[in-house]
2 protein chains.
Amino acid sequence: MAVLFSDYLRYDFDAPQNSANDHLVFSKGHASPLLYALYKAAGAIDDEELLTFREFGSRLQGHPTPEIPWVDVATGSLGQGLPISVGIALAADRLERSDLRVWVLCGDSELAEGSMWEAFEQAGHAQLDNLIAIVDVNRLGQRGPTMHEWDTSSLAARAAACGWDVQEIDGHDLAAIDAAYAQAQGADRPAVIFARTKKGSGVAAVEDKENQHGKPLADPDAAIEELGGIRSLSVSVQSPPEPKPFEIATTAVERPSYEVGEKVATRGAYGDALAWIGSIDEKVVALDGEVGNSTYAERFAAKHPDRFFEMYIAEQQMVAAAVGMQTRGWKPFASSFGAFLSRAYDFVRMAAISNADLKLCGSHVGVSIGPDGPSQMALEDIASLRAVFDSVVLYPSDANQAVQLVDAMREHRGISYLRTTREATPVLYGPDDSFKIGGSRTLRSSGDDTVTLVGAGITLRECLSAADQLAGKGIAARVIDLYSVKPVDADALIAAATETGAMVTVEDHWPEGGIGETVAGVLADAGVGIKLERLAVTGRPGSGPPAALLAAAGIDADHVVAAVERITNAR
Amino acid sequence: MAVLFSDYLRYDFDAPQNSANDHLVFSKGHASPLLYALYKAAGAIDDEELLTFREFGSRLQGHPTPEIPWVDVATGSLGQGLPISVGIALAADRLERSDLRVWVLCGDSELAEGSMWEAFEQAGHAQLDNLIAIVDVNRLGQRGPTMHEWDTSSLAARAAACGWDVQEIDGHDLAAIDAAYAQAQGADRPAVIFARTKKGSGVAAVEDKENQHGKPLADPDAAIEELGGIRSLSVSVQSPPEPKPFEIATTAVERPSYEVGEKVATRGAYGDALAWIGSIDEKVVALDGEVGNSTYAERFAAKHPDRFFEMYIAEQQMVAAAVGMQTRGWKPFASSFGAFLSRAYDFVRMAAISNADLKLCGSHVGVSIGPDGPSQMALEDIASLRAVFDSVVLYPSDANQAVQLVDAMREHRGISYLRTTREATPVLYGPDDSFKIGGSRTLRSSGDDTVTLVGAGITLRECLSAADQLAGKGIAARVIDLYSVKPVDADALIAAATETGAMVTVEDHWPEGGIGETVAGVLADAGVGIKLERLAVTGRPGSGPPAALLAAAGIDADHVVAAVERITNAR
């Protein structure tokens, strides 16, 4: 890192927003003391701040986060920094034609994470010559020796097979490091330097010793003495060249719209909307996990091939690349089957710590996908993605609404998730109806309502059908489309519960953490003690036609009617 | 597959429970029609059943699941079959000294998943000579060409670097396949055969054509004609040899116990309990993700080194290996930081479809871990793991309870999760107090109680402290330890809410999908309309001392007291 800062890194610490700055990502986030010491040496922070390390309120946290202006993304969950850096490098190279370089410090332990090899694969395939990874091969993990210790041959062979420029050096040999950086930045492909080091080098009490990971030194004064005594090291980091301008043209394209009554799948509307916002907003980019013909991200790819990234079946790398791209101001939409986004859950969790602007779309949710069976059904996505800090969870019930919500996601800065349905369902709303994050829509309402039905997506259709059946039985039911599951329209729910005195929620999702519990929380917080029936998927689903699976799961119109009758009889 | 069934596989279809049977895992689960056709050829199912493919109620689902007795695990989320097979092979080789082989059919598209390379790495490291992977390199994914199409050189080089025996063959050349199997099963290491094939081979309408994935043929009769007409192919699969007995001795060891008032971290109790149940139950095995000195799985490793598996920093492979081991009757406990288990969420989701017996332990949960910062804090684990079909979520509040719950997990068949705390907290319960899945414990109770405080783990300590403060203010508070979050003790919650008229839940977790919403759901279902205050982590936490972080998050004793006063004033 000392050699990097003194001779290779191009970074203006006074202007972290300078788009021509190189990037430096500490994939081994636990090396934060080194990173902060580098900031001190570069004059970006002072001794006083350095000594606030890990204190409450300090931006110098245990692991780096973007609360520090020179940090792009939070690291500390190993195996994420390199795949995220692939996204930064892709954006700089493919979208911006920038000359910046992305430097990544990786640990050897984290090479056990498959996500690192997704990154090697993707960067090699894209021949990202602006990406340079340095692997600190110090032989020791937290608990003990790594799998390969100092034998870097297997790792080097794999990186080479992925199309990288590969070097293996002594990580304490300054001349070797210098030569390795020179070669790496001149390579016509991504470059990796496997640097064999001794953990705690230069301090005999800990050097290359087990059981010292993350522990304070017993005798820090002796260690300082061994390392040459107290000094005030400083380094002058070279500034980047002038940023190169680039331009992506926007075109005025009309918002997609559908006729009321037409049957359109919300996943199709997602594809149409994505292609549309790609035309009107040059910052929109899209990534997909090799299912663009199912998520309909392919409609964006057809219109905006230069801003579409095929990430193959590597959901972790897909989300990581999106997180990397947003560090440079791009607005990434990443899509796959909702079920398979669960593969990248740790990356979404960390993206929230990174305060990232990340838009996700999960298609093929719930049992209503039908014959493909449970492995393809997202039934935990609402729960898991609601439980992400400051996230937005949207579940459109028709195509016109889906288009508006995609546009709302474009404008919203933060982590948002759109849940789309495989099946074509009737268009309910006019093209000019407006929908917003945090809203809801009451579709049926009268002064005689004695129950409220709450659904979203495919179950809204079931609620409407149930309301029709109930009307035939003389029961007036209010129907609410809860398309914004988080944030949720608490006022509308509380008003409906109070006015109708009973409520049934219906969702194509497990009972835990979904629409039903969201509503239960709202009512409990408000102290509204009505009877709530929460219909959700019960039992382990199998294959079959959508209607049969909705019935078997207990979430079709007939089950809604039965629930209402249970409540009515109970009163 | 035809060559495998006729000459290599050793499997008694009449006795799938025979422990000497080979295993056959379709990692490319979407090739289910091939698998079911093989069952038909082997005489295991008949034509009539074969034609129920993907119908409602049929066990021949869109993707294979263990509802079929010859299927070990559900596949269909790509990249899982091979890592699970590593677990099967580890169990057979290391624990049982069995001669069986594990055959895995993989797709080329799924080699983009990092989890596949975690499996290559782990199997190579363990030199699993009983594992044979066949990769169907058909060049075409769902959406279009794969990254490498028919050029298997990069994949082959990587597999070789991981220590595998590697062959590249023409996947339509029967003699080449035969020779490849012979070499693979004779190899002294795991073997992979990259078999180049044409998708839809032999049917001109679809052969090697894009946009045909997962679609029915336009003219099936013509296709049947091209393939040689309707025939009733059958194959005689050889039986396995006699199973080899093996024995692991149990020893009567006393249950670990702690003195009331002693300060013990529940993660430490997990380690002690795991070592103990390893002694009394020979089926218990443990896996850890290179943090055994933090989760304390190392205490099991020290006692039972032959049944401990170090999976390095590869949580997907860790959970997959556990799923593989349980197919052979082992009881696997897999541990890491709770935050990092999120890396394996898709594997846990699929394990539920596999009806797997999987025990997970996540340590270092919540903001109370302190200075390491948010990347290390599990704050979404309750929500995400509750939203797994039929799961159990336990969150012990003291060490003696933790020991009992670990033992309850051992006895429970299904997916269970134990949430442990980093910090040492006072032992509350005696060693002979008993705790069960689905239970709760009321620690403070009187006829004068006007509010109920519900906590678990670290927040139970805060609730008890708040109750003391409230007593000083003349407010009697009931305190419930909700150590079983799923299933939850609804009766106790409803009774307490009804009797005390107000409730405060406190959790070191995001507000979504955790303890507060669980309780809200219970109360709403019962129509109990009291005022509920749900305290949970608000804001994005940073580093700092645990007490400061609990206060900043709004979940310490002072905040509980304030919440009670808000409710009291509101009444």
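How large, in percent, is the carbon and sulfur part of the accessible surface of the stretch A:66-141 at a probe radius of 1.4 Å?
Values: 490 of 1350 Å².
Carbon and sulfur: 37 percent of the exposed surface of the stretch A:66-141.
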When a/c reaches 1.5 or more, the comparison of a/b and b/c decides; with that in mind, is the stretch B:30-159 rounded, prolate or oblate per its Cα gyration tensor? oblate
Ignoring ligands and nucleic acids, A:Lys40 exposes an accessible area, probe 1.4 Å, in Å² to the nearest 10, of 40
Please compare each pair in A:Lys331/A:Lys436; B:Lys436/B:Lys486; B:Lys28/B:Lys209; A:Lys209/B:Lys263 to a cut-off of 22 Å on the Cα-Cα distance and tell me which ones are over it. A:Lys209/B:Lys263
Those residues in the stretch B:101-117 that give up at least 10 Å² of accessible surface, probe 1.4 Å, once the partner protein chains are present instead of the chain by itself are B:Ser109, B:Ala112, B:Glu113, B:Gly114, B:Trp117
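Taking every DSSP beta bridge that has both residues in chain B, what percent is antiparallel when rounded to the nearest 5?
On the way: 9 of 67 bridges.
Restricted to chain B, the bridges split so that about 15 percent are antiparallel.
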List the residues of the stretch B:145-187 that lose 50 Å² or more of accessible area once all protein chains are present, compared with their chain alone (1.4 Å probe, heavy atoms only, no ligands or nucleic acids). B:Met147, B:Arg158, B:Ala161
Starting from a Cα-only point model with no solvent, please compute log10 I(q)/I(0) by Debye for the protein assembly as shown at q = 0.04, 0.07 1/Å. -0.20, -0.64
Counting Lys and Arg as +1 and Asp and Glu as -1 over every other residue whose Cβ sits under 14 Å from the Cβ of A:Ala551, the net charge comes to -3
Under 5 Å, built H, 5+ apart or other chain: amide partners of B:Ala476: B:Thr450
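For a quick protection proxy, order the peptides B:455-461, A:427-433, A:7-13 by their average other-Cβ count within 10 Å, most packed first. Before the final figure, lay out each step's value.
On the way: B:455-461: 28.3, A:427-433: 16.1, A:7-13: 18.0.
Averaged packing, sorted descending, gives the order B:455-461, A:7-13, A:427-433.
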Along the axis that rotates chain A into chain B, which residue of chain A has the nearest beta-carbon, and what is the gap in whole Å? A:Gly529, 1
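Which value, in Å², gives the accessible area per residue of the protein assembly as shown when a 1.4 Å probe is used on the protein heavy atoms? List each step's numbers first, then the result.
Details: 37550 Å² over 1142 residues.
So the protein assembly as shown comes to 33 Å² accessible per residue, rounded to a whole number.
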How much accessible area does A:Ser445 have with a 1.4 Å probe, in Å² rounded to the nearest 10? 80
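Given contacts defined as C-alpha pairs under 8 Å and at least six residues apart, what's the relative contact order of chain B, whole-number percent?
Values: 1271 pairs, mean separation 66.0, N = 571.
Result for chain B is 12 percent.
What average count of beta carbons from other chains do you get within 10 Å of the Cβ of residues in B:25-31? It would help to have the intermediate numbers written out before the result.
Details: counts 0, 0, 0, 0, 4, 3, 0.
Averaged over the peptide's residues, the number is 1.
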With both bridge residues required to lie in the stretch A:358-492, what share of the DSSP beta bridges run antiparallel, to the nearest 5%? 25
How far apart are the A:Ala205 label points across copies, placing each 7 Å from Cα toward Cβ, in nm, shortest first? 7.7
What does the accessible area of B:Tyr270 come to, in Å² to the nearest 10, when a probe of 1.4 Å is used? 0
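Give me the percent of accessible area attributable to carbon and sulfur for the stretch B:439-571, probe 1.4 angstrom.
Details: 2110 of 4100 Å².
The C+S portion of the solvent-accessible surface of the stretch B:439-571 is 51 percent.
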For B:Glu533, enumerate residues with amide H under 5 Å from its amide H, sequence gap 5+ or separate chain, H modeled in the peptide plane. B:Met503, B:Val504, B:Thr505
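Report the local net charge at B:Thr266: Lys and Arg +1, Asp and Glu -1, summed over other residues whose C-beta lies under 12 Å from its C-beta.
Working: positive: B:Lys263, B:Arg267, B:Arg419, B:Arg422, B:Arg461; negative: B:Asp272, B:Asp398, B:Glu423.
Residues near B:Thr266 contribute +2 overall.
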Rounded, prolate or oblate: pick one for the stretch A:216-262, where a ≥ b ≥ c are the square roots of the eigenvalues of its C-alpha gyration tensor, a/c under 1.5 means rounded, and failing that, prolate if a/b is larger than b/c, else oblate. oblate
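Going by the alpha-carbon gyration tensor, a ≥ b ≥ c the square roots of its eigenvalues, is the stretch B:279-414 rounded (a/c under 1.5) or, if a/c is not under 1.5, prolate (a/b greater than b/c) versus oblate?
Numbers: a/c = 1.35, a/b = 1.17, b/c = 1.15.
Rounded shape, in that the Cα axes give a/c under 1.5.
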Report, ordered by chain and residue number, the aspartates and glutamates lying within cross-link reach of B:Lys215, taken as a straight Cα distance under 20 Å and ignoring same-chain residues fewer than 8 apart. A:Glu290, A:Glu298, A:Asp372, A:Glu423, B:Glu55, B:Asp108, B:Glu110, B:Asp136, B:Glu207, B:Glu225, B:Glu226
If you average the sequence gap of Cα pairs under 8 Å that are 6 or more apart and divide by the length of the stretch A:419-570, what percent do you get for the contact order? 24
Residue-averaged beta-carbon neighbours from other chains (10 angstrom radius) around A:280-292: 2
Per-residue mean of other chain beta-carbon atoms within 10 angstrom of the beta-carbon, peptide A:343-354? 6
Got a sec? What order do A:Ile177, A:Ile280, A:Ile230 fall in by accessible area at 1.4 Å, biggest, i.e. largest, first? A:Ile230, A:Ile280, A:Ile177
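Please list A:Ser368, A:Ser440 in order of solvent-accessible area, largest first, computed with a 1.4 Å probe with all protein chains present.
Values: A:Ser368 0, A:Ser440 25 Å².
These residues rank, largest area first, as A:Ser440, A:Ser368.
Tally up the carbon and sulfur contribution to the accessible surface of the stretch B:254-330 as a whole percent, 1.4 Å probe, everything protein left in place. Write down the numbers at each step before the final one.
Details: 990 of 2290 Å².
Solvent-exposed carbon and sulfur of the stretch B:254-330 make up 43 percent of the total.
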Could you please report the charge total around B:Ile353, scoring K, R as +1 and D, E as -1 over all other residues with beta-carbon less than 10 angstrom from its beta-carbon? +1
Mean projection area, nm², convex hull over Cα of the stretch B:365-449: 7.5
Based on alpha-carbon centroids, what's the gap between the stretch A:478-505 and the stretch A:211-252 in Å, whole number please? 51
Which residues of the stretch B:77-94 end up with at least 20 Å² less accessible area in the presence of all protein chains than when their chain stands alone, using a 1.4 Å probe? B:Leu78
Around B:Ile415, which amide H atoms from residues at least 5 apart in sequence, or from another chain, sit under 5 Å from its own amide H, with H modelled in the peptide plane? B:Leu358, B:Val392
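Can you tell me the FRET efficiency between B:Lys436 and B:Ala223 if r is taken as the Cβ-Cβ distance and R0 is 51 Å, rounded to the nearest 0.05?
Working: r = 57 Å, r/R0 = 1.12.
Once the sixth-power term is evaluated, E becomes 0.35.
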For B:Ser234, go 7 angstrom from Cα along the Cα-to-Cβ vector, then report the distances to that same point in the other copies in nm, smallest first. 8.9
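Per residue, how much space in cubic angstrom lies within the convex hull of the C-alpha atoms of chain B? Intermediate results must be reported in sequence, preceding the final value.
Numbers: hull volume 93.7 nm³, N = 571.
Dividing the Cα hull volume of chain B by its residue count gives 164 Å³.
Order of B:413-419, B:490-496, A:243-249 by packing, highest average Cβ count within 10 Å first? Present the calculation step by step, with values, prior to reporting the outcome.
Details: B:413-419: 23.4, B:490-496: 18.4, A:243-249: 10.3.
With the highest mean Cβ count within 10 Å placed first, the list reads B:413-419, B:490-496, A:243-249.
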Pseudo-label separations to other copies for A:Ala476 - Cα-to-Cβ vector, 7 Å, nm: 4.7
In the B-A interface, the accessible area buried, summed over both sides, Å² (probe 1.4 Å): 8400
From the backbone phi of the stretch A:202-219, what are the Karplus-calculated ³J(HN,Hα) couplings (6.51 cos²θ - 1.76 cosθ + 1.60, θ = phi - 60°) in whole Hz, Gly and Pro given as x? x, 10, 4, 5, 10, 4, 6, 10, 6, 6, 10, 4, x, 10, x, 5, 5, 10
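The values are calculated or read from the model by the stated rules, or taken from the named source; none is laboratory data. Please read these numbers as outputs of a predicted model, since none were measured by experiment. Backbone-built Cβ (ideal geometry, glycine too); neighbour counts: all protein chains shown. All accessible areas refer to the heavy atoms of the entire protein, side chains included, with ligands and DNA or RNA removed. Shrake-Rupley method; radii C 1.70, N 1.55, O 1.52, S 1.80 Å.
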